[in-house]
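A quick write-up on the structure given underneath.
The values are calculated or read from the model by the stated rules, or taken from the named source; none is laboratory data. Keep in mind that this is a model prediction, so the values were computed, not measured. Here the Cβ positions follow ideal geometry from the backbone for every residue, glycine too, while neighbour counts run over all protein chains shown.
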Amino acid sequence: MALESLDRSPPPFFRVGFAPLTKLIFFSALSLLLVFGDKQLQFTKPLRAGLSTLILPMQWLVLQPGEALSAMGTYFQNLEQAQTNLKAAELKVLQQSVRSQQVEQLQIENQNLRQLMGLQSSMAVTSQTAEVLFDVPDPYNQRIVIDRGQLKNVALGSPVIDAGGVVGQVTRVYPLTSEVTLLTDKDQSIPVLNSRTGARNITSGDVLAGQPMIELKFVPASADVKEGDLLTTSGIDGVYPAGLQVARISHIERRVDISFARIHASPLAELKGRHVLVLQPSAASALNKGKAP
């Protein structure tokens, strides 16, 4: 059989169909037609709505990890911001509290200074105000340090008072500071006068039930002394001016087997105050007055 007689056309199963260019032109025209028709007639709107409804659960499921991460980030961010705001609020409250305490302290100091200045103007002796710097760290002595010394003409033995009464006496003087021994110190003695009876006594520092007090020495058990009696300086020592408030009788102990009564009094001065008044000793004041023309 001759070769030219064989059929060389491909079998129907392997037919290629339309040419690729033809397909491109056809489907492009179809796409344009559908776009134009959808724009004018909107016949694909129900189809899109149905498809959107069908794929909505899948969309929600796909978005959940991102939403969870975003929510977690927002939670921690809000938590951190809340903690920052809380710290700022606590700091502000603390600052306001400190300011409130400072204002209250300033009011108290202002009142004490006014009282001191009023007391200073009413007294005949020379005086000057001073500020308490600190307490002397000595468990066996009760002393404070003030910010006035030799350069401010503070004399050794000068009485120190505040608005309540006698605080103590200057026992050491330095160029810029001075040490004041409180009247409750065991080595400090002050001649006092009972303002009710006129009786004179000597006091010394003492401690009663852990509280710094002063004790009247050598008072007979039969003496006329009552709780609440006011003790003032008698002025006979030439150091303290007469009439300064010292203390008020708070405890009396009388025993039949002891000739003298134990009498304790509570100081009227604020021994831990901030400001005090330093007086010139009475004898020095009298001497200065005698020298004055």
Pull up region 201-216, narrow it to residues that are on the phi < 0 side of the Ramachandran plot and loosely packed, with under 14 Cβ neighbours inside 10 Å, then point me to the one that is modelled with the lowest pLDDT. Val207
One residue from Phe13, Phe26 being among the aromatic types (Phe, Trp, Tyr), modelled with pLDDT of 80 or more and either part of a helix (DSSP H, G or I) or exposed (fewer than 10 other Cβ atoms within 10 Å of the Cβ) (or both): Phe26
For Lys226, all conditions in the list (1) surrounded by fewer than 16 Cβ atoms within 10 Å (Cβ to Cβ); (2) out of contact with any Leu (no Cβ under 8 Å at 6 or more places or on another chain); (3) without any contact (Cβ under 8 Å) to a residue 40 or more places away in the chain; (4) part of a strand (DSSP E or B) hold save one; what is the number of the exception? (4)
Against the conditions (1) assigned to a loop (DSSP other than H, G, I, E, B); (2) under 22 Å from Arg148 (Cβ atoms); (3) modelled with pLDDT of 90 or more; (4) touching a Ser or Thr at 6+ places or on another chain (Cβ under 7 Å), where does Tyr240 fall short? Just the number, please. (3)
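Find the residue count for region 189-200, including only residues that are surrounded by fewer than 20 Cβ atoms within 10 Å (Cβ to Cβ) and either touching a Lys or Arg at 6+ places or on another chain (Cβ under 9 Å) or in a loop (DSSP other than H, G, I, E, B) (or both).
Applying the first criterion (surrounded by fewer than 20 Cβ atoms within 10 Å (Cβ to Cβ)) to region 189-200 yields 189, 191, 195-200.
The next check asks that each one be either touching a Lys or Arg at 6+ places or on another chain (Cβ under 9 Å) or in a loop (DSSP other than H, G, I, E, B) (or both); those that pass are 189, 191, 195-199.
Of the residues in region 189-200, 7 are surrounded by fewer than 20 Cβ atoms within 10 Å (Cβ to Cβ) and either touching a Lys or Arg at 6+ places or on another chain (Cβ under 9 Å) or in a loop (DSSP other than H, G, I, E, B) (or both).
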Tell me which of these Ala163 doesn't satisfy, since it passes every other one: (1) part of a loop (DSSP other than H, G, I, E, B); (2) modelled with pLDDT of 90 or more; (3) not hydroxyl-bearing (Ser, Thr, Tyr). (2)
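Just to verify a result, which residue in region 166-188, among those that are assigned to a loop (DSSP other than H, G, I, E, B) and among the hydroxyl-bearing types (Ser, Thr, Tyr), is surrounded by the fewest Cβ atoms within 10 Å (Cβ to Cβ)?
Filtering region 166-188 down to residues assigned to a loop (DSSP other than H, G, I, E, B) leaves 174-177, 183-188.
Narrowing the set further to residues that are among the hydroxyl-bearing types (Ser, Thr, Tyr) leaves 174, 177, 184.
Numbers: Tyr174: 13, Thr177: 19, Thr184: 24.
Filtering region 166-188 for residues that are assigned to a loop (DSSP other than H, G, I, E, B) and among the hydroxyl-bearing types (Ser, Thr, Tyr), the one surrounded by the fewest Cβ atoms within 10 Å (Cβ to Cβ) comes out as Tyr174.
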